[in-house]
Amino acid sequence: MTGANEIAVALRHDRDGGTLPCVTARGRGAIARQILAVAREEGIPVREDADLVAILEKLDVGSPIPVAAFAAVAEILALLYRTNRQAAGDRTPPPPDRQHS
């Protein structure tokens, strides 16, 4: 989306922390463009997903992602981890997913 309708949501996930990803920033218009600019400056991949952002933009900063967003966020995190490993020259497979009871 462009202009005032542009929306951005930033997430943080501590891979070893055992916690759910949470919202670290969200905004529309100029704030969304600033979030995207910071992500690009830091080399953080950006993904456009209107359905996911519609869910996440309703959350407060600091809130964990809801169950409805798990699959989409997991896909994004998997891509990010692969990209980071490739950038570091590491070709070993990722560790197996932890099973939650």
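Estimated at 0.36 nm per residue, the fully extended path between residue 86 and residue 25 surpasses their Cα-Cα distance by 19.3 nm. For region 24-42, backbone nitrogen atoms closer than 13 Å to the point 7 Å from residue 5 Cα along Cα-to-C-beta are found at 29.
Rounded to whole numbers, the Karplus 3J(HN,Hα) couplings from phi for region 21-30 are x, 10, 6, 10, 7, 7, x, 10, x, 4 Hz, using 6.51 cos²θ - 1.76 cosθ + 1.60 with θ = phi - 60°, and x at Gly and Pro. If R0 is 25 Å, the Cβ-Cβ spacing of residue 70 and residue 33 corresponds to a FRET efficiency of close to 0.35. Here region 3-87 is treated with +1 on each Lys and Arg Cβ and -1 on each Asp and Glu Cβ, and its dipole about the Cα centre works out to around 120 debye. Among 14, 49, sorting on how many other beta-carbon atoms sit within 10 Å of each Cβ, with the fewest leading, yields 14, 49.
Readers should treat all values here as calculations from the given coordinates under stated rules, not as data from a laboratory. Note that this is a predicted model, so its numbers are computed, not measured. No Cβ is skipped: glycine too gets one built from the backbone with ideal geometry, and neighbour counts run over all protein chains shown.
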